[in-house]
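Each value in this text was obtained by applying a stated rule to the coordinates, not by laboratory testing. Just so it is clear, the model here is predicted, and its values are computed rather than measured. Methodologically, a virtual Cβ is constructed for each residue, glycine included, from the backbone with ideal geometry; neighbour enumeration extends over all protein chains shown.
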Amino acid sequence: MSNVWLGLALAAAVAGVAALPARLAAQRPDSTPPREAIRSLATVPPDSLHPPISARRAFFYSFLVPGSAQSILGRNKAAAAFMLVEAICISMIRESGADVHEARRMANDTLIVSYVDPSGNPAVTTAPPRFGSAEIRTREAHVEDWAALLVGNHLFAGADAFVASHLWDVPVHVGMRLAPGGRGLALAVAVQR
């Protein structure tokens, strides 16, 4: 007898599903446009596989003006970083040069401390110069350090642009997270093909 009830329930369910409309009122068609199909390399025009700037030209552009080739290649954050370092170096070279000029100018100055000696008699008391040869050399070293950083920024920007022009069409996603157990960092690099 239970098989009869089971058969009737199954027949009622099939009849109920068959009676439903093809589309329910709450359903709407998807408004997202379909994705473009991935083209094979055979269908890609040959001129689109070349970078917007050659590697040699990218090196020279960024060597002369750090960040220029990076902006051509669409790496705007890297371009801004190189330009920021360039601006900081130039302003600090100027500031350090002014310090050297001040130290050289005051190296032979005499500072009068008093016109009276401790016993009250008139006498000129002077202090030694504020800047000696050691202070001048230190300030000159500051200028050299900033100039070396400026030259390094030019070379590094050129090398970065050279590599970026070779890898301009390779999207890379780099991320770091704490390794399991908290004993170090794990670096994850995902390259899309």
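How do Ser71, Ser165, Ser133, Ser31 line up, fewest other C-beta atoms within 10 Å first?
Placing the least packed residue first, the sequence is Ser31, Ser133, Ser71, Ser165.
Using θ = phi - 60° and the Karplus form 6.51 cos²θ - 1.76 cosθ + 1.60, what ³J(HN,Hα) does each residue of region 140-146 get, whole Hz, x for Gly and Pro?
Ordered by residue, 3J(HN,Hα) equals 5, 5, 4, 4, 4, 5, 5 Hz.
Sort Asp160, Asp117 so the one with the fewest other Cβ atoms within 10 Å of its own Cβ comes first.
Asp117, Asp160
How would you classify region 50-191 from its alpha-carbon gyration tensor, with a ≥ b ≥ c the square roots of the eigenvalues: rounded for a/c under 1.5, else prolate if a/b is greater than b/c, otherwise oblate?
Prolate, because a/c is 1.5 or more and a/b exceeds b/c.
If you rank Leu149, Leu178, Leu84 by fewest surrounding Cβ atoms within 10 Å, what's the result?
Ranked by crowding around the Cβ, least crowded first: Leu178, Leu84, Leu149.
How much length is gained on full extension from Glu144 to Asn76, taking 0.36 nm per residue of separation minus their Cα-Cα distance?
Going from the current span to full extension adds 21.5 nm.
Step through the residues of region 88-100 one at a time and calculate ³J(HN,Hα) from phi using the Karplus curve (6.51 cos²θ - 1.76 cosθ + 1.60, θ = phi - 60°), rounding each to whole Hz and writing x for Gly and Pro.
With the stated coefficients, region 88-100 comes to 5, 4, 5, 5, 6, 5, 5, 5, 5, x, 5, 5, 5 Hz.
What's the FRET efficiency of Ala159 with Arg94 using the Cβ-Cβ distance as r and R₀ = 25 Å, to the nearest 0.05?
After rounding to 0.05, the efficiency reads 0.45.
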